[in-house]
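As structure tokens, the structure follows; a few thoughts come after it.
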Amino acid sequence: MTLDAQMRRKLIAAAREAAARAYCPYSNYPVGAALLTRDGRIVTGCNIENVSFGLTLCAERVALVKAVSEGLCGFAALAVVGGEQTAAAPCGACRQMLAEFCTPEMPVYYARLTGGRCVATTLDALLPRAFLKN
Ligand code: THU
């Protein structure tokens with residue numbers, strides 16, 4: 001189920017607010033994510049880098065683990081913002097993590113950090129034939 005335009009704008013705006021809190025002194029590439037639960041709650045995340053680069057946490061996974069650890073599940077949509085010229089789509093690792101907790105049909109919206117059009121897709125389109133045990 002796609003979101004109505006107003007809700008989509010709200011979710012993108014929440015992702016942009018989260019991106020403003022990104023800790024990214026090494027890449028200078030802020031990313032924000034906002035997950036909408038089916039009961040209407042919004043859980044946000046931003047990328048959090050570390051001097052030991054491999055420990056960096058992506059915005060999407062921060063939002064996801066915040067939600068799951070708070071007992072929230074049943075996700076209706078995800079918005080991601082990042083990039084100045086090109087909109088950042090979720091990385092492969094985040095796609096796999098999302099596939100564990102979200103339905104393949106879940107809408108994913110991604111957009112540049114500021115302005116521009118938002119790309120609308122689904123988790124299944126981003127990660128077809130995901131590895132799942134059940
Ligand atoms: N990043 C995310 O937060 N999400 C993604 O899906 C891709 C990459 C972050 C990680 C790193 O802090 C910065 O973007 C540059 O790669």
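The values are calculated or read from the model by the stated rules, or taken from the named source; none is laboratory data. Small disclaimer: the values here were computed from a predicted structure and weren't measured. Don't worry about glycine lacking a Cβ; one is built from the backbone with ideal geometry, like all the others, and counts go over all protein chains shown. The accessibility values were calculated without ligands, DNA or RNA, using every heavy atom of the protein model including side chains. Shrake-Rupley method; radii C 1.70, N 1.55, O 1.52, S 1.80 Å.
Among residues that are out of contact with any strand residue (DSSP E or B) (no Cβ under 8 Å at 6 or more places or on another chain) and either at pLDDT 95 or above or open to solvent by less than 30 Å² (accessible area, probe 1.4 Å) (or both), Phe53 is included. Could we say that Glu17 is within 11 Å of the ligand (Cβ to nearest atom), modelled with pLDDT of 95 or more and open to solvent by 10 Å² or more (accessible area, probe 1.4 Å) here? No: the conditions fail for Glu17.
A search for C-beta distances below 6 Å between a residue of region 119-134 that is surrounded by 16 or more Cβ atoms within 10 Å (Cβ to Cβ) and any residue that is basic (Lys, Arg) and at pLDDT 95 or above, counting only pairs 6+ apart in sequence or on different chains, returns Leu126/Arg95; Leu127/Arg95.
Here is a yes/no grid of residues against (1) assigned to a strand (DSSP E or B); (2) within 11 Å of the ligand (Cβ to nearest atom); (3) surrounded by fewer than 12 Cβ atoms within 10 Å (Cβ to Cβ):
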site	(1), (2), (3)
Thr44	yes, no, no
Arg61	no, yes, no
Arg95	no, yes, no
Ala99	no, no, no
Arg117	no, no, yes
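Filtered by the rule that a residue be open to solvent by less than 60 Å² (accessible area, probe 1.4 Å) and within 15 Å of the chain's Cα centre (by Cα), region 20-41 gives Ala22, Pro30, Val31, Gly32, Ala33, Ala34, Leu35, Leu36, Thr37.
Any residue that is touching an Asp or Glu at 6+ places or on another chain (Cβ under 7 Å) and either closer than 23 Å to Thr2 by Cβ or at pLDDT below 95 (or both) - is there at least one of those in region 80-93? Outline the logic, then answer.
Looking only at region 80-93, we keep the residues that are touching an Asp or Glu at 6+ places or on another chain (Cβ under 7 Å), and these are 80, 90.
Narrowing further to those that are either closer than 23 Å to Thr2 by Cβ or at pLDDT below 95 (or both): 80, 90.
Yes, the conditions are met somewhere in region 80-93.
Does Ala76 satisfy the criteria of being over 16 Å from Arg16 (Cα atoms), part of a strand (DSSP E or B) and open to solvent by 50 Å² or more (accessible area, probe 1.4 Å)?
Values: over 16 Å from Arg16 (Cα atoms): yes; part of a strand (DSSP E or B): yes; open to solvent by 50 Å² or more (accessible area, probe 1.4 Å): no.
For Ala76, the condition - over 16 Å from Arg16 (Cα atoms), part of a strand (DSSP E or B) and open to solvent by 50 Å² or more (accessible area, probe 1.4 Å) - is not met.
Picking from residues in region 105-115 that are assigned to a loop (DSSP other than H, G, I, E, B) and open to solvent by less than 60 Å² (accessible area, probe 1.4 Å), the one that is nearest to Leu57 (Cα to Cα) is Leu113. Restricting region 49-59 to residues that are within 10 Å of the ligand (Cβ to nearest atom) and either of a type in the set (Gly, Ala, Ser) or under 17 Å from Gln96 (Cα atoms) (or both), the residue that is farthest from the chain's Cα centre (by Cα) is Thr56.
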